[in-house]
Amino acid sequence: MAHQAHSYHMVDPSPWPIFGAAAALLTTSGLIMWFHYNSSMLLTLGLISMLLVMLQWWRDIVRESTFQGHHTPTVQKGLRYGMILFITSEAFFFLGFFWAFFHSSLAPTPELGGQWPPTGIKPLNPMEVPLLNTAILLASGVTVTWAHHSITEGNRKHAIHALTLTILLGFYFTALQAMEYHEAPFSIADSVYGSTFFVATGFHGLHVIIGSSFLTVCLFRLIKFHFTSDHHFGFEAAAWYWHFVDVIWLFLYMTIYWWGS
Amino acid sequence: MYYRFSAVTQRLVGAAASAAYSPQKADGLPVHLKRGVPDRLLYRTTMALTIGGTIYCLVALYMASQPRNQK
């Protein structure tokens, strides 16, 4: 019986990468069809197939690691590099939107009334709901760290409680932001102020939802005994992502909400 | 309790592996089809949606690239 002479994981052939690429094609061309031709069929197809691919690909990774034991320390190191690089790329993604904000706000044009916030825009009070949202995300950073320590110490009850609390705080943030969006006196169409505000905070909100979903999956896996006190990289990756989301919010709060008001 | 250690010999009893699914069985199935029927269903659904969608997408893009008649 042949055994490999290395500690890397040679994965089984998988259809998910190519199906994922096809799903991306459907989603992007679906956006075009929705924007310009008033048809949402392709977009719906794209989003559903994207969801199916993500579910099955990540399900397979859980099978390969937890149930088949392929995630050696070498493999885990590669996954760590991968997650760090991915989060770095997301940081650059947000950097672009911050650049756009400062481009417009540091030298406001005459069309805006030569001032920031532009004439007629009533910005949200940074000391009200946005400050509460800051406190919520900071607290969730504490609870996710508490969850991690509980996992390494083998304390199952505390780990479940702390991770549940983190997810609830994430949902609370999302609910409050949704309410703020609904109640805001300005819209995305209100000059470059609206554009920069809603695109930057909107993508951040999307990342909060992604992070909360990742943490929720980790909670299910935690309850089903997938993690050990030494080996729980899925949880660590989710925690890194969550801290990243928190840091982005802090930058958003300080620049767009506070300095920009 | 479903399982326990037997009295003198301390052998684990009552914890037989599930007949339905054994993740490490060398049955030649790739990981994305390891559980059999539910995996196949999901795989075929995903394939139908992506491949069908890609064809629909190419047709739609072909039609969108045709020039409109000037009014």
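General remarks:
- All of (1) modelled with pLDDT of 95 or more; (2) not in a helix (DSSP H, G or I) hold for A:L25 with one exception: (2).
- Evaluation of B:Q24 against (1) facing another protein chain (nearest Cβ under 7 Å); (2) assigned to a helix (DSSP H, G or I); (3) not aromatic (F, W, Y) (one fails), failing number: (2)
- Members of the range A:11-58 that are loosely packed, with under 13 Cβ neighbours inside 10 Å, aromatic (F, W, Y) and within 10 Å of chain B (Cβ to nearest Cβ): A:Y37
- Boolean, A:D12 is more than 26 Å from the chain's Cα centre (by Cα) and charged (D, E, K, R): yes
Yes/no per residue for (1) assigned to a helix (DSSP H, G or I); (2) within 27 Å of A:L106 (Cα to Cα); (3) touching a residue at least 40 places away in the same chain (Cβ under 8 Å); (4) of a type outside the set (D, E, K, R):
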| residue | (1), (2), (3), (4) |
| --- | --- |
| A:T134 | yes, yes, yes, yes |
| A:H149 | yes, no, no, yes |
| A:P185 | no, yes, yes, yes |
| A:V199 | yes, yes, yes, yes |
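- Checking B:Q10 against (1) more than 9 Å from chain A (Cβ to nearest Cβ); (2) of a type outside the set (A, V, I, L, M, F, W, C); (3) surrounded by 10 or more Cβ atoms within 10 Å (Cβ to Cβ), the condition it does not meet: (3)
- Answer from B:T46, B:T50 - the residue that is under 11 Å from the mean Cα position of the chain (by Cα) and closer than 16 Å to A:L43 by Cα: B:T46
- Candidates are the residues of the range A:86-101 that are among the aliphatic types (A, V, I, L, M) and more than 15 Å from A:H243 (Cα to Cα); the one that is surrounded by the fewest Cβ atoms within 10 Å (Cβ to Cβ) is A:L95.
- Verdict on B:R44 being touching a helix residue (DSSP H, G or I) at 6+ places or on another chain (Cβ under 8 Å) and either more than 7 Å from chain A (Cβ to nearest Cβ) or on the phi > 0 side of the Ramachandran plot (or both): no
The values are calculated or read from the model by the stated rules, or taken from the named source; none is laboratory data. Owing to the predicted nature of the structure, the values given are computational and were not obtained by experimental measurement. When we count neighbours, we look across all protein chains shown, and the Cβ atoms used for this are built from the backbone with ideal geometry, even at glycine.
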